[in-house]
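Quick one: structure below, then a few questions.
The values are calculated or read from the model by the stated rules, or taken from the named source; none is laboratory data. Small disclaimer: the values here were computed from a predicted structure and weren't measured. Quick note on the areas: whole protein, heavy atoms, side chains included, nothing else; ligands and nucleic acids left out. Shrake-Rupley method; radii C 1.70, N 1.55, O 1.52, S 1.80 Å.
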Amino acid sequence: MFARLFGKPKTEPITLEKLSENLEMLEKMERVLQKKAVAELERATQFSKVKNKRAAMQSLKKKRLYDQQIQNNGNSQLRVHDLMIMLEGAKANIETVDALRTGAAALKAMQKAANIDEVEKTLDEVHEQTEKMKQIQEALSTPIGYDDFDEDELEADLEELESAELEQLLQPAATSSAPVHLPEGRQPNRPLLQKPTVDEEDELAALQAEMAL
């Protein structure tokens, strides 16, 4: 009924700062209670010395009450510590989830910007341009006009050139080997052979080397 009339009491969200302030307050209270417990113990000791048993008993009762409050205060501090640890872990988890959510959204956006169809299309274009570049390079590396000649015709021309060179080199030797007319009775028993000159030997050696190739 009171809740309907006045509404529910507003509760502020628990934060690490508030818990830290509460823990600090509990620690101050513990120090005060410890001082009071020590003071009551001293009083009980003094009353006991003067044989005031009743007053001594009262001081000991107060000391026990303070000790009980100190113990309760310690339990409260442990609960606050536990809650702070849980909040710190929860905060770390939330930050991790937010980071994962942000990363997933960014990855989704990048995948949307570069879908698989666009990637395949781009790769096809790159492949096409690469093939065209290869064709251009092959065309530029081919000598101009060299494919217009027949290989058989070139071989025939080469053989004709070699025959002409050989005939030209052998012609002086054939001229020098013509018969020499000597007086009768002076004919040699064997034919005279003319020794080739140094130039002819060099030319002949060069020709043999070319023909060997």
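If R54, R79, R31 are ordered by their accessible area, calculated over protein heavy atoms with a 1.4 Å probe, which sequence runs from highest to lowest? Before the final figure, lay out each step's value.
On the way: R54 195, R79 160, R31 125 Å².
The most accessible residue leads, giving R54, R79, R31.
Using a 1.4 angstrom probe and counting only protein chains, how large is the accessible area of H127 in Å², to 10?
Near enough 110 Å² of accessible area.
What is the count of Lys pairs in segment 16-111 whose alpha carbons sit under 13 Å apart, if the two are 8 or more places apart or on different chains? Don't skip to the end; give the middle numbers.
Details: K28/K36; K35/K62; K35/K63; K36/K61; K36/K62; K36/K63; K53/K61.
Final tally of qualifying lysine pairs is 7.
Rg/Rh for segment 16-111: what does it come to with C-alpha atoms and Rh from Kirkwood?
Working: Rg = 25.0 Å, Rh = 17.0 Å.
Reported Rg/Rh (Cα atoms, Kirkwood Rh): 1.47.
Moving to a separate point now. For segment 16-111, what does the relative contact order come out to in percent, with C-alpha contacts under 8 Å and a separation of six or more?
Details: 54 pairs, mean separation 32.6, N = 96.
34 percent.
Could you run the Karplus curve 6.51 cos²θ - 1.76 cosθ + 1.60 with θ = phi - 60° over segment 41-58 and give me ³J(HN,Hα) per residue in whole Hz, x for Gly and Pro?
The phi angles translate into 5, 5, 5, 4, 5, 5, 5, 5, 5, 8, 6, 9, 5, 4, 5, 5, 5, 5 Hz.
Could you put E27, E155 in order of accessible surface area, largest first, with the 1.4 Å probe and the full protein assembly present?
Working: E27 70, E155 100 Å².
My answer, sorted largest first, is E155, E27.
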